[in-house]
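Each reported figure results from applying straightforward, stated rules to the coordinates on display, with no laboratory input. Since the structure is predicted, the reported quantities are computational estimates derived from the model, not experimental observations. In this analysis, Cβ positions are derived from the backbone assuming ideal geometry, glycine residues included, and neighbour counts consider all displayed protein chains.
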Amino acid sequence: MTSQVPLVVAIVLSGSLLAEAGGEVYTPGQKLNKDFDGFARPFLVQHCVDCHGDTDPEGNLSLHDLGPVDEVNSGTWKSVWAQVTLKEMPPKDMDQPEVVQRLQFSDWIVGELKRVMHDKGGFHAHLDPNKGNFVDHELLFGKLPEGIQLVPTSSPARIWRVTPQEHITRLNELINREKEFDPEKPGLRTHGDVVPTNHGGELKLYFGTDRIIKWQGGTVAYATAVKSVPAVLSSHRDHGLENYPDFYTVNSAEATQIMGIANDIIRYMAEGPLSIAEPYQISDDIRSVMDRWDGDIRGLPTSLVYSTQVMRPLTPVYDLMKEEEVTDERLRAAVDYLFEALTFRPPQQWESDQYLGIVKQSIDKLGKEDGAVLGLSSIFLDRDALFRPELAQKGEPDQYGRVVLQDWELGLAVNHALRYIKPDETLRKAIVEGRMRTREDVKREVERMLADDSIRKPRILRFFRDYFDYDLGGYICKDGKALADTGVSNRGQAHYRAMFDGTASTDRLVELILAEDKDVLKRLLTTDQVVATERDNIYFGTRRTREEVRASMAAAKKAEEERKAKEAAELEAWKKANPGKKPPKPKKKPRVDINHKVTPVDLTGPPIYARVSRRSFGRGSMQPERVLAKAPEGQRLGILTHPSWLVSHSDAMDNHAIRRGRWIRERLLGGGIPDVPITVDAMLPDEPEHTLRERMRVTRETYCWSCHKKMDPLGLPFEMYNHSGIYRELELEKPVDTTGKIIDSGDPSLDGKVANALEMIEKLAESERVEQVFVRHAFRFWIGRNETLNDAPVLQDAYRAYKENGGSMNAMLLSLLTSDAFLYRTRTEQALAESNAAKN
Amino acid sequence: MLNRRTMLRHMAAGAGAAFSLPLLPNQLMASPTSNSTPKRIIFFLQNQGFDPLTCIPDGMTTSGSLAKANLPEPISALEPYKERLHIINGLHGVHTSPSHSAFFGALGGYRGGDGVPPSASTIDYELSKVLPETLLPHLCIGMDSIENMTTKPTLATLSASGAGQPIFMYSNPNHLYQMLYGGISSGDIRRQHEARSNVLNQVEQFAFNKGRALPAADKQRYGQYVQGFKDVNGLRDRLDTVADHLRKFAPKVDERYTKPQFETDWHDVLLDLGISALTSGITNTLTIASGRGEIFGAWKGLGIQQQGHNLGHMDQPDNPIWVKIRQYNSRMLVKIMETLESVPEGSGTMMDHTLIVYTSNNADKQHTSGANWPVMLLGNFDGAFKTGCFTQLQGKRPINSLYTSLLRASGVDCDRFNMSEQLAKKFDDGNGPLKEVLA
């Protein structure tokens, strides 16, 4: 990334050379003037070829004849890069390269791979967040060895495509008015929160559901009858950070769809439910509408009744469309309003003129109504409605080639760090008045926003979802029988709905801990609190043994027999008392829904709310009611032991110990795992009579174990839960083995055996290194890229802020958002020249 | 990351119509002199289930020829075509959760449900990628009640280009006509076509202008955004340049488009448009969703007053309502075959290189476990499929194995479609394509 700044490098290099007269100074990101023959080959010969020679090479990998990087051998070089960068190679018992030498070798490979693969799809692996930990933790947080000189950091100038959720939330602002924040019920979804996924996990924009007062049929009929559109922007990532600026673009199918949706939105902005319903359906006299229902019309748009109360925001688009006469003033007001609503900034004059022109032309062609709708829909496709620019075109570069973001770019960057909707009035005013240009300006606004609960900050919650990955449980498709074996209901969508509810519950728990803002990570890892629905009494329960199940069934049978006997006796008594009379109908058998497989817990506590989707599914909508309870002691500890996280890290049939272990290794210990070699056919044997731990013996083969030893022993302690997240003491009717081991953590005090997940979590939660790794992930999320060594001061400052303020997320966030990495952008020379040419 | 090919595939994904690489007009058509044989595939999914008793000839319990059998009343319209027909009974889709519709899972072969986003691409999309390239590799049309088609003219419930990437189907024939034949239209459609073209051309120009000053690293990514508009506009231009050719295939717009008496008027013209997209060579893959993958739908034009969910609660065999719906489907299938047969291609006709897959997104009925998922194939796809027969399977192979067979017949070397080995252990007692259906 920083190789894009040759000017900077030249300045630093000359300074460094002066400073180090004679000795070689390494500056991260500096372009290396080294070649294969003079640098890389000697490295390979000295450190690799002994074991990876031409005869009987280790791991069947020969490097003795590996030539300069080219398209054909790029895969091998990528592996070499990963192994050397992660200090996997050379093996620990062999001579190690000097720190600088290793860094240079790693940089050289990346540089060569980028060069060689430039026109073949490029080389981007080092930019992927999954490779963020490839930067040595000790170098970031420890003392730098001599010979390394850092340059002041910055991030590249760039554009970020909005995420599907941001996009839907932005569009939702146009047609739905959300409730204002209620301090009495802080957990309820309000204005500024995201549009959440619905009962099935689908992200949709709903039209007019706040006005529906009656419908025919059940929940499925309602869901079919209401108007909704799904998110059209794509998002491919399910684990980890979902949105670096360079992940996504918008393709033509998406653009076409956005135009279609724009059409629907503009019409709804203008006419409300009239754009999706017949006039007679809009009435407060429900009966009068029902009288017009002709038979079974379930699932049809005409099966809905809308109230007459206007709920949507009435905007200049409404003003434009309601009047027959078209005036320039109304047209421009509509254009400018939509532009700002969609891009979060007012249009410049030329932008306003441009869209005004399109709208007028369209009206000329199609008449006012259709023309205005078509013309205005083009604004939905403006670059800045889909991408957020951080181009830093204004401002002079400092001596390192860095430019501070300012005005709208800085204001929107700060806004986007916390929010999905447009800047509030105070921030907008600051931007307009030229008070968003400095570090102090950012500090002022961030502090203000963090202190105000009514300013919703869904991006912070998004970070915790990305970091923990606890929001995937509802998307893990479970085998019906395997699911039933865990003890939870496998009827219909019950389990999946429980999982989506669980995600919302965990969201709320995260928020409660954030509200206190003390030892945030430690508390998330070790809290005994649970935000729960009634169903969680099962999910947080204990799987019964076979004997217990039998006993439960016998008890139920006995109770039923007793009930029947009592009923018969009562009947007999009645007959005796009323001879010759017809006995009354027997009472309806009470419905008993006993789960014999699970001993439930009794999760009780004060009522609270979780942020779930608004009425999107009629009576089947998700319910916000929750209780704040305590989890069973000795069985649960923090959100890694909650079903939402556990199921998110499971598969159709069983737990996913490898994925869980990988999570601990990467997200808590800061370790890196090289990609699975393509020659590996990663499959565990299908042996239902064996435990997962036993089946994972295949990963202990030498070739696999070098990586799996970093993951498996960290994931297996979670075997104390089955794959629905229910606590268990037996597996296949034998005591479950929950032991594990922390190795090579980078913190010797952590290394060693653990008896179960709780012991492991307790250890990890005390670790300074774990907190630092958490800060590294926060950096990636808010800065939008992987850290480099040059970011070490930013990371150290952020960690210090977190620590010195008692584990405060807000303090860490303030530090990150006022750091050079957040404030400064570096533009390439070429782009600068083109930008200047464009301006001229 | 994203390259041009992926991008084109993404484009194919979302629109229910995809825009492909520029082609010369003469490549648009299925030219007799062309070296690669054009092939095309049509998926026809009727909602609410496909009861096997409505398609299996009386007394047929084991696999065998249909030559001497009489097709049941609901599909009797196919009698003259039964040498092209292959009725398959005994596939399963229990892993797709098909009660009340498997939604994306029906063509994806994975768990689906109401409100559940697609977890992977669907077979129609995958085939559209590998079949000989056309201007719009994939077109989806959906038929529903008139109110639903008017209020929600596009909907995505059945096809997907990947996880979380639904493909929209067209339900308003006026919109679809404008997209396909705007260039040769007149009157209102023409005006709308021109206005939309004008807007999109300008949007492309704006997008281009705002990309000029981007950093090099972002240029390629943003370039794809701009390229998207170029493709949209390019497709329109290319369709315009082959207007004379298209004119021969474009249906005539009549009052059924603008003033439909029943929803079936729109169903009929949507079918006409879909067929014309095939015969004109605009597309190679057509997905038809009667009932749009949901559990409602209306067919008042057939004299059926009941609509929606209740239809699914009725037994289908010998039910006059379901006989009418299935007969209507069958007539549509006949229309497709007759039309394709009338267009010469290679040494035969278009139909020789075509396959129609007829089934339901609900397996055999509305409330079903998916233990049986009847399918009818029509056509032999250039000799790839057996025809004129009934095949009884034992419920041990999933619909995914049929989809694997389709991919194999299209030249893709694969053993499974959207099914991991782990799932296959539970849900598939075989591997690779269905031997019983491939010639």
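Across the alpha-carbon set of chain A, the Rg to Rh ratio works out to 1.01, Rh being the Kirkwood radius. Per residue of chain B, the DSSP helices (runs of n ≥ 4 H) give a summed -39500 (n - 2.57) that works out to -11000 deg cm²/dmol at 222 nm. On full extension, the segment bounded by residue A:494 and residue A:578 gains 25.5 nm, given 0.36 nm per residue less the C-alpha separation. Fully extending the segment from residue A:348 to residue A:546, taken as 0.36 nm per residue of separation minus the present Cα-Cα distance, adds 64.1 nm.
Summary of the geometry: segment B:268-323 and segment B:43-76, compared by the centres of their Cα atoms, lie 18 Å apart.
By the Cα gyration tensor, segment B:137-256 has an equivalent ellipsoid whose semi-axes, rounded to whole angstrom, run 29, 21, 13 from largest to smallest.
Restricting to Cα atoms and excluding each atom paired with itself, what does the Kirkwood estimate give for segment A:32-127 in Å? Mean inverse Cα-Cα distance, inverted, gives 13.6 Å.
Treating r as the C-beta distance of residue A:51 and residue B:130 and R0 as 51 Å, the FRET efficiency rounds to 0.70.
Of all DSSP-defined beta bridges confined to the protein assembly as shown, some 60% are antiparallel rather than parallel.
For residue A:340 and residue A:604, the difference between the fully extended length at 0.36 nm per residue and the C-alpha to C-alpha distance is 90.4 nm.
Across segment A:266-306, the mean sequence separation of Cα contacts (distance under 8 Å, 6 or more residues apart), normalised by length, yields a relative contact order of 41 percent.
Once the C-beta distance of residue A:398 and residue A:768 is scaled by a Förster radius of 30 Å, the resulting FRET efficiency is 0.35 to the nearest 0.05.
Going by neighbour counts of Cβ atoms within 10 Å, the residues A:302, A:641, B:150 line up, fewest first, as B:150, A:302, A:641. Residues of segment A:181-213 with amide nitrogen under 12 Å from the 7 Å Cα-to-Cβ point of residue A:309? Residues A:210-213 qualify, since their backbone N sits under 12 Å from the label point. Helices that extend 20 Å or more along their long axis by alpha-carbon positions and average at least 0.0 on the Kyte-Doolittle scale are, among the DSSP H runs of chain B, B:263-279.
Computed from label points 7 Å out along Cα-Cβ, the spacing between residue A:33 and residue A:271 is 7.1 nm.
Average 1/r across all pairs of distinct alpha carbons in segment A:160-390, invert it, and you get the Kirkwood radius: 19.2 Å. Across segment A:402-455, Cα-Cα distances exceeding 12 Å account for 60% of all pairs. Points 7 angstrom from Cα along the Cβ direction at residue A:143 and residue B:313: gap in nanometres? Label-label distance for residue A:143 and residue B:313, simple model: 8.0 nm. Its DSSP H runs of at least 4 residues, each contributing -39,500 (n - 2.57), put the calculated 222 nm mean residue ellipticity of chain A at -13000 deg cm²/dmol, to the nearest 500.
Checking the Cα-Cα distances for A:34/B:219; A:394/B:210; A:114/A:143; A:457/B:152 against a 26 Å cut-off, the pairs over it are A:34/B:219; A:114/A:143; A:457/B:152. Summarising the label geometry, the points placed 7 Å from Cα in the beta-carbon direction at residue A:730 and residue A:694 lie 1.5 nm from one another.
Averaged over the residues of B:295-304, the number of partner chain Cβ atoms lying within 10 Å of the residue Cβ comes to 2.
Roughly how far apart, in whole Å, are the Cα centres of segment A:635-680 and segment A:564-612? Cα centres, segment A:635-680 to segment A:564-612: 44 Å. In terms of other Cβ atoms within 10 Å, A:497, A:177 run from fewest to most in the order A:177, A:497. Rounded to the nearest 0.05, the FRET efficiency derived from the C-beta distance between residue A:796 and residue A:675 at R0 = 25 Å is 0.25.
With neighbours defined as other Cβ atoms within 10 Å of a residue's Cβ, the residues A:256, A:828 order from fewest to most as A:828, A:256.
What is the log10 of I(q)/I(0) for segment A:145-249, computed with the Debye formula using one identical point scatterer on each Cα and no solvent, at q = 0.16, 0.23 Å⁻¹? So the normalised log intensities are -0.91, -1.32. Taken residue by residue and averaged, Cβ atoms of other chains lying within 10 Å of the Cβ of B:193-200 number 6. Find how many whole Å separate the alpha carbon centroid of segment B:104-119 from the alpha carbon centroid of segment A:338-409. Each part reduced to its Cα centre gives a spacing of 37 Å. Out of all Cα-Cα pairs in segment A:522-676, roughly what percent, to the nearest whole number, are more than 20 Å apart? The share of Cα pairs beyond 20 Å in segment A:522-676 comes to 70 percent. Dipole size of the protein assembly as shown about its Cα centre, with +1 on Lys/Arg Cβ and -1 on Asp/Glu Cβ: approximately 2900 debye, rounded to the nearest 20.
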